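Asker: Got a structure for you, questions after.
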Amino acid sequence: MNTTALPFAQVLEELRRSSPLVLSLTNSVAQSITANMLLAVGAAPVMLRDTEEIAQLLPAACGGLLINVGTLSREQAAAQRHAVACARAAGIPWVLDPVAVGFLRFRTDFCRELLELQPTLIRGNASEIRALAGESSGGRGPESTEESTAALQAACSLALRSGAVVLVTGATDYVTDGTRTMALGNGDPLMTRVTAVGCAMGALCAACIASAPDAFTGAAASAAILGIAGENAAARHPLPGSFAAALLDELAALTPSTVVQQTRILTPEGN
Amino acid sequence: MNTTALPFAQVLEELRRSSPLVLSLTNSVAQSITANMLLAVGAAPVMLRDTEEIAQLLPAACGGLLINVGTLSREQAAAQRHAVACARAAGIPWVLDPVAVGFLRFRTDFCRELLELQPTLIRGNASEIRALAGESSGGRGPESTEESTAALQAACSLALRSGAVVLVTGATDYVTDGTRTMALGNGDPLMTRVTAVGCAMGALCAACIASAPDAFTGAAASAAILGIAGENAAARHPLPGSFAAALLDELAALTPSTVVQQTRILTPEGN
Amino acid sequence: MNTTALPFAQVLEELRRSSPLVLSLTNSVAQSITANMLLAVGAAPVMLRDTEEIAQLLPAACGGLLINVGTLSREQAAAQRHAVACARAAGIPWVLDPVAVGFLRFRTDFCRELLELQPTLIRGNASEIRALAGESSGGRGPESTEESTAALQAACSLALRSGAVVLVTGATDYVTDGTRTMALGNGDPLMTRVTAVGCAMGALCAACIASAPDAFTGAAASAAILGIAGENAAARHPLPGSFAAALLDELAALTPSTVVQQTRILTPEGN
């Protein structure tokens with residue numbers, strides 16, 4: 001039995017007990033799968049567009065906030081800036097998903113601005129994390145063109161500089177706060193053949209952090225939970241359309257004991 | 001045989017014969033499932049954003065209009081206000097879905113303004129209906145935290161005051177025009193584990209009202225039709241991802257005779 | 001063996017080898033299925049909203065551009081106008097999907113303006129193509145009310161006038177450049193029971209043109225590829241919810257040899 005994964009099972013239990021409300025200010029492609037992934041795992045989704053409503057709901061009812069810049073507009077950037085300020089004032093954890101930063105200047109400048117506001121977690125693929133850390137100009141778009149291992153050093157320096165936990169997703173997922181790092185090996189390549197699974201993971205991270213003792217544990221738990229659900233879905237459904245439905249089924253059916261049994265931690269915590 | 005449900009079977013037949021075009025001005029999360037639910041049952045969806053196009057299409061071609069405030073913006077509120085005026089001028093039935101009203105002031109003020117414009121139907125969960133009737137400040141977001149029975153009195157007073165038929169959805173669905181009330185017992189809890197099924201139901205209500213002798217019958221028919229499809233889908237698919245696809249399958253496969261057989265009316269009409 | 005379909009199999013092979021990035025500026029209902037269809041077949045989707053980001057990404061990384069006016073706003077029209085200028089300057093093929101043109105003035109005027117900018121391909125149903133060619137005022141909305149055969153003459157004159165290849169989709173699909181015409185007979189009526197399959201096809205066309213020796217071959221290949229996937233999905237899943245998932249599965253599983261075997265060309269090329 002994988003005792004290191006026990007805290008992840010506890011995150012899943014707590015998530016289902018408390019059903020945290022996650023406000024997702026995300027791109028227009030990801031909204032439906034983001035809401036469905038949160039509902040499937042046992043959390044509660046909410047999406048708003050109006051700045052006043054965001055300012056009203058966040059401190060009153062939300063356990064977490066996701067900021068995703070996938071289809072950023074000037075208007076959405078203003079709402080996101082405002083939401084981050086509200087979350088910080090209320091002590092609510094917030095996740096930054098810097099989709100496709102690097103080459104695209106508008107979103108890169110905006111994400112660098114948000115970096116100064118101490119995100120609780122930054123979740124990205126290797127090229128996004130490297131670009132945000134200032135190491136490269138990023139890939140050709142939302143899909144990573146680099147292995148996640150290549151971004152580990154960038155992730156550590158980004159974590160130390162920003163104060164955020166950083167989650168680099170890929171064939172191997174890395175979680176780091178700059179001093180300790182964990183590598184997890186769950187998941188399946190099919191997860192990249194369904195649009196916005198990674199974007200929806202940002203919201204799952206927010207729900208897990210709201211249900212965890214700390215952001216590091218919450219981020220690692222979300223990588224384990226989604227990765228295991230993805231593996232189990234791919235084992236039954238090797239094609240992307242039916243896989244997408246099965247991924248939600250597996251998230252809903254996932255038990256804490258399965259999390260303990262299936263989590264693959266590739267490096268001991270604290271290495 | 002449930003002869004009280006015969007009119008609902010006739011609504012389904014007429015809906016498939018006439019395939020009413022329903023204009024849905026709805027939230028950004030619900031658009032895809034709303035269009036797919038209308039197509040599955042046999043109606044026709046259309047979504048527009050431009051005010052001039054709305055004003056042109058509504059009187060010329062639409063059988064119904066849905067106004068859903070789930071991700072309301074100032075700009076969308078203006079388009080919705082305009083659409084309601086067009087629908088009223090043309091005598092087209094329109095449905096108000098006051099998502100998450102109560103606590104959130106912007107949408108609550110806007111829905112109260114729309115209330116004065118005599119919606120044909122108001123569809124909401126218990127906390128939304130109570131909030132709109134002025135009885136409470138609503139739940140913590142789009143999910144109802146109250147049983148639908150608790151909202152029955154609020155629904156009646158809201159119906160009498162606004163002139164609308166009111167449909168309160170929950171474990172039991174209530175339809176009331178303020179003088180007569182019907183309770184229906186179809187449905188499955190899985191319908192709340194798929195995002196925007198309730199929002200899509202607002203569009204189904206518009207299609208059913210366009211195919212019914214009156215709004216009361218149309219609203220009750222939509223509760224029966226969606227509830228039966230939900231039960232039959234859940235019997236085969238107990239997890240939310242595959243359930244979502246099965247719900248559309250069951251709506252497409254639903255026959256008028258199944259509607260008659262499976263409709264569960266819990267209180268005699270006119271109690 | 002259908003040797004005329006060999007070039008379509010080659011398009012599929014090249015698409016999977018090069019995985020062209022397609023920028024889709026499309027309606028809000030179609031975004032998710034558009035991205036998933038591109039991912040399933042082996043291409044790469046990207047969606048942006050900001051004009052500066054569009055201008056930056058298109059020439060640097062995109063193999064094709066889709067312009068779809070399904071939920072056109074004044075703001076989106078400006079972004080689309082700008083994107084078309086960028087694509088033309090960079091020599092990138094672009095597809096125009098004139099959803100529901102004819103009766104609706106705003107989009108009809110806008111699409112006529114875009115016609116002057118030499119789209120690589122125009123994809124529409126019969127009523128849209130006839131309306132764009134000036135022959136009729138179109139159907140009642142996005143669904144065609146006419147057979148695609150009725151639009152063949154309009155398609156030819158539209159192609160000659162605009163310089164675009166024209167693809168008329170329906171029970172029979174027609175591809176024409178004004179001098180040569182091909183009719184293809186693949187597909188299934190269930191494809192019209194899932195929202196935005198036609199809209200997503202516009203993006204598939206862009207991906208196929210980016211992978212083809214010429215726009216005519218790319219357009220015909222996309223009609224064959226999607227039609228065959230639709231037939232195979234419908235054979236296993238006759239209801240729309242499970243059909244939608246199966247359509248993506250079949251696109252992912254489709255092999256070049258199946259394309260050669262199943263393509264139904266109804267008229268010899270060059271008739």
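The values are calculated or read from the model by the stated rules, or taken from the named source; none is laboratory data. Everything numeric in this text was worked out from a predicted model, so none of it was measured. A quick note on method: Cβ atoms are made from the backbone with ideal geometry, for glycine too, and the neighbour counts reach across all protein chains shown.
Asker: Go through (1) closer than 30 Å to B:ARG264 by Cα; (2) free of Cβ contacts under 8 Å to residues at least 60 places away in the same chain; (3) more than 9 Å from chain C (Cβ to nearest Cβ) and name the single condition B:SER32 misses.
Answerer: Against the list (1) closer than 30 Å to B:ARG264 by Cα; (2) free of Cβ contacts under 8 Å to residues at least 60 places away in the same chain; (3) more than 9 Å from chain C (Cβ to nearest Cβ), B:SER32 comes up short only on (3).
Asker: Take A:LEU114 and decide whether it is more than 14 Å from chain B (Cβ to nearest Cβ), in a helix (DSSP H, G or I) and either within 17 Å of the chain's Cα centre (by Cα) or not basic (Lys, Arg) (or both).
Answerer: yes
Asker: Related question: Within the stretch B:27-53, which residues are under 15 Å from C:GLY70 (Cα atoms) and either part of a strand (DSSP E or B) or touching a Ser or Thr at 6+ places or on another chain (Cβ under 7 Å) (or both)?
Answerer: Residues satisfying the conditions are B:SER28, B:GLN31, B:SER32, B:ALA35, B:ALA44, B:PRO45, B:VAL46, B:MET47, B:LEU48, B:ARG49, B:ASP50.
Asker: I would also like to ask the following. Could you give every pair whose Cβ atoms fall below 7 Å, whose first residue belongs to the stretch B:225-240 and is on the phi > 0 side of the Ramachandran plot, and whose second residue is crowded, with 24+ Cβ neighbours inside 10 Å and outside any loop (DSSP other than H, G, I, E, B), counting only separations of at least 6 or pairs across chains?
Answerer: none
Asker: Any chance the stretch B:57-65 includes a residue that's surrounded by fewer than 24 Cβ atoms within 10 Å (Cβ to Cβ), assigned to a loop (DSSP other than H, G, I, E, B) and either among the small types (Gly, Ala, Ser) or without any contact (Cβ under 8 Å) to a residue 60 or more places away in the chain (or both)?
Answerer: Yes, the conditions are met somewhere in the stretch B:57-65.
Asker: Identify all residues within the stretch C:1-29 that are under 16 Å from C:ASP214 (Cβ atoms) and of a type in the set (Asp, Glu); write none if there are none.
Answerer: C:GLU14
Asker: Which residues, counting only those in the stretch B:182-198, are on the phi < 0 side of the Ramachandran plot and touching a helix residue (DSSP H, G or I) at 6+ places or on another chain (Cβ under 7 Å)?
Answerer: Result: B:MET182, B:LEU184, B:ASN186, B:ASP188, B:LEU190, B:MET191, B:ARG193, B:VAL194, B:THR195, B:VAL197.
Asker: Name the residue, out of B:THR145, B:THR108, that is within 14 Å of chain A (Cβ to nearest Cβ) and modelled with pLDDT under 95.
Answerer: One residue alone meets the criteria, B:THR145.
Asker: Here are the criteria: (1) more than 23 Å from B:ALA196 (Cβ to Cβ); (2) more than 10 Å from chain C (Cβ to nearest Cβ). Tell me which single one B:VAL101 does not satisfy.
Answerer: That leaves (1) as the condition not met.
Asker: Only one of A:ALA219, A:ALA224 is closer than 24 Å to A:ALA61 by Cβ, in contact with a strand residue (DSSP E or B) (Cβ under 9 Å, 6 or more places away or on another chain) and crowded, with 24+ Cβ neighbours inside 10 Å; which?
Answerer: Exactly one of A:ALA219, A:ALA224 is closer than 24 Å to A:ALA61 by Cβ, in contact with a strand residue (DSSP E or B) (Cβ under 9 Å, 6 or more places away or on another chain) and crowded, with 24+ Cβ neighbours inside 10 Å, namely A:ALA219.
Asker: Using the structure shown, decide if A:PRO20 is at the interface with chain B (Cβ under 9 Å from one of its Cβ atoms), of a type outside the set (A, V, I, L, M) and buried (at least 20 other Cβ atoms within 10 Å of the Cβ).
Answerer: no
Asker: Mind checking which residues of the stretch B:45-72 are in contact with a helix residue (DSSP H, G or I) (Cβ under 8 Å, 6 or more places away or on another chain), within 9 Å of another protein chain (Cβ to nearest Cβ) and polar (S, T, N, Q)?
Answerer: Within the stretch B:45-72, just B:GLN56 meets the criteria.
Asker: Now for a separate question. Is one or more of the residues making up the stretch C:183-190 surrounded by 21 or more Cβ atoms within 10 Å (Cβ to Cβ) and acidic (Asp, Glu)?
Answerer: no
Asker: Out of (1) in contact (Cβ under 8 Å) with a residue 24 or more places away in the chain; (2) not in a strand (DSSP E or B), what's the single condition that is false for B:ALA183?
Answerer: For B:ALA183, the exception is condition (2).
Asker: Can you say whether A:ARG161 is at pLDDT 95 or above and closer than 22 Å to A:LEU226 by Cβ, as far as the supplied structure shows?
Answerer: no
Asker: Restricting the search to the stretch A:237-254, which residues are farther than 20 Å from C:ASN36 by Cα and over 20 Å from the mean Cα position of the chain (by Cα)?
Answerer: Correct list: A:ALA253 only.
Asker: So, one more: Suppose the filter is facing another protein chain (nearest Cβ under 10 Å) and either crowded, with 24+ Cβ neighbours inside 10 Å or among the acidic types (Asp, Glu) (or both); does B:GLU14 pass it?
Answerer: For B:GLU14, the condition - facing another protein chain (nearest Cβ under 10 Å) and either crowded, with 24+ Cβ neighbours inside 10 Å or among the acidic types (Asp, Glu) (or both) - is not met.
Asker: Hey, among A:GLY178, A:GLY270, which residue is at pLDDT below 95 and at positive phi? If you could, list the steps in order and put the result at the bottom.
Answerer: Numbers: A:GLY178 fails: at pLDDT below 95.
Just one listed residue meets the conditions, A:GLY270.
Asker: Within the stretch A:228-242, which residues are in a helix (DSSP H, G or I) and either more than 23 Å from C:VAL41 (Cβ to Cβ) or at the interface with another protein chain (Cβ under 9 Å from one of its Cβ atoms) (or both)?
Answerer: A:ILE228, A:ALA229, A:GLU231, A:ASN232, A:ALA233, A:ALA235, A:PRO240, A:GLY241, A:SER242
Asker: A further question on this structure: Among the residues of the stretch B:191-214, write down those that are surrounded by fewer than 22 Cβ atoms within 10 Å (Cβ to Cβ) and either part of a loop (DSSP other than H, G, I, E, B) or not hydroxyl-bearing (Ser, Thr, Tyr) (or both). Walk me through how you get there before you give the answer.
Answerer: Here is the first cut: in the stretch B:191-214, the residues surrounded by fewer than 22 Cβ atoms within 10 Å (Cβ to Cβ) are B:192-193, B:213-214.
Result: B:ARG193, B:PRO213, B:ASP214.
Asker: Conditions first: (1) surrounded by fewer than 22 Cβ atoms within 10 Å (Cβ to Cβ); (2) under 25 Å from B:ALA212 (Cα atoms); (3) touching a strand residue (DSSP E or B) at 6+ places or on another chain (Cβ under 6 Å). B:THR108 passes all but one, so which condition is the exception?
Answerer: Answer for B:THR108: the failing condition is (2).
Asker: Whether any residue in the stretch B:109-120 is under 22 Å from B:GLY178 (Cα atoms) and among the aromatic types (Phe, Trp, Tyr) is what I want to check.
Answerer: no
Asker: For the structure I just gave you, tell me whether B:GLY42 is more than 10 Å from chain C (Cβ to nearest Cβ) and small (Gly, Ala, Ser).
Answerer: Answer is no for this residue.
Asker: Sticking with this structure for a sec: Is it fair to say B:LEU117 is of a type in the set (A, V, I, L, M, F, W, C) and either surrounded by fewer than 22 Cβ atoms within 10 Å (Cβ to Cβ) or modelled with pLDDT under 95 (or both)? Step through it out loud before you land on a result.
Answerer: Values: of a type in the set (A, V, I, L, M, F, W, C): yes; either surrounded by fewer than 22 Cβ atoms within 10 Å (Cβ to Cβ) or modelled with pLDDT under 95 (or both): yes.
Yes; evaluated as a whole, the condition is true for this residue.
Asker: Follow-up. Just one of B:ALA171, B:ALA151 is out of contact with any strand residue (DSSP E or B) (no Cβ under 8 Å at 6 or more places or on another chain), modelled with pLDDT under 95 and among the hydrophobic types (A, V, I, L, M, F, W, C); which is it?
Answerer: B:ALA171
Asker: Within the stretch A:192-244, how many residues turn out to be farther than 21 Å from A:ILE129 by Cα and aliphatic (A, V, I, L, M)?
Answerer: Here the count works out to 12.
Asker: Could you list all residues from the stretch A:257-271 that are surrounded by 17 or more Cβ atoms within 10 Å (Cβ to Cβ) and outside any loop (DSSP other than H, G, I, E, B)?
Answerer: Selection gives A:THR258, A:VAL259, A:VAL260, A:GLN262, A:ILE265.
Asker: Another question, if that's okay. Which of the residues belonging to the stretch A:87-105 are in contact (Cβ under 8 Å) with a residue 24 or more places away in the chain, in a helix (DSSP H, G or I), surrounded by fewer than 23 Cβ atoms within 10 Å (Cβ to Cβ) and out of contact with any Pro (no Cβ under 6 Å at 6 or more places or on another chain)?
Answerer: Once the filter is applied, which keeps residues that are in contact (Cβ under 8 Å) with a residue 24 or more places away in the chain, in a helix (DSSP H, G or I), surrounded by fewer than 23 Cβ atoms within 10 Å (Cβ to Cβ) and out of contact with any Pro (no Cβ under 6 Å at 6 or more places or on another chain), the stretch A:87-105 yields A:ARG88, A:ALA89.
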